[in-house]
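Undergrad: For reference, the structure I am asking about is given below.
The values are calculated or read from the model by the stated rules, or taken from the named source; none is laboratory data. Treat the numbers as computed from the prediction; the structure is a model and nothing was measured. Glycine also receives a Cβ, built like all others from the backbone with ideal geometry; neighbour counts cover every protein chain displayed. For accessibility, only protein heavy atoms count, side chains too; no ligands or nucleic acids. Shrake-Rupley method; radii C 1.70, N 1.55, O 1.52, S 1.80 Å.
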Amino acid sequence: MANSLIQLRVDEKLKTEATDIYERLGLDLPTAIRIFLTRSVEERGIPFNMKLKEDNYRAEAAVRAMREMSKTAEAIGVADMTLDEINAEIYAVRNEA
């Protein structure tokens, strides 16, 4: 199979840091790039997750907590409680002491 030349420009610091990492892994930079391209073809896309950083980590954590509480509520059979029933249960627990 014929080889093809790929040229790209990157910041010198990025190249140096990436080269250092790959050398510590026993790879040279061209081999690392070939691995990336090969995995891209195998995955039919970028071979790693690409996510934007959350602007509001607390909101993300709250959503995860709510999802977990929903699963727990369904598992113990209280997912269909009305707001009045929930408030009554809270009131009862607080007044037990």
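Undergrad: Please go through segment 15-31 and give me each residue that is part of a helix (DSSP H, G or I) and open to solvent by less than 100 Å² (accessible area, probe 1.4 Å), ordered by number.
TA: At the first step, the residues of segment 15-31 found to be part of a helix (DSSP H, G or I) are 15-24, 29-31.
The answer is Lys15, Thr16, Glu17, Ala18, Thr19, Asp20, Ile21, Tyr22, Leu29, Pro30, Thr31.
Undergrad: Those residues that are exposed (fewer than 10 other Cβ atoms within 10 Å of the Cβ) and in a loop (DSSP other than H, G, I, E, B), I need them from segment 72-86; list them, please.
TA: Gly77, Asp80, Thr82
Undergrad: Would you mind telling me which numbered condition in (1) part of a loop (DSSP other than H, G, I, E, B); (2) of a type in the set (Gly, Ala, Ser); (3) within 30 Å of Ile6 (Cα to Cα) Ser40 fails?
TA: (1)
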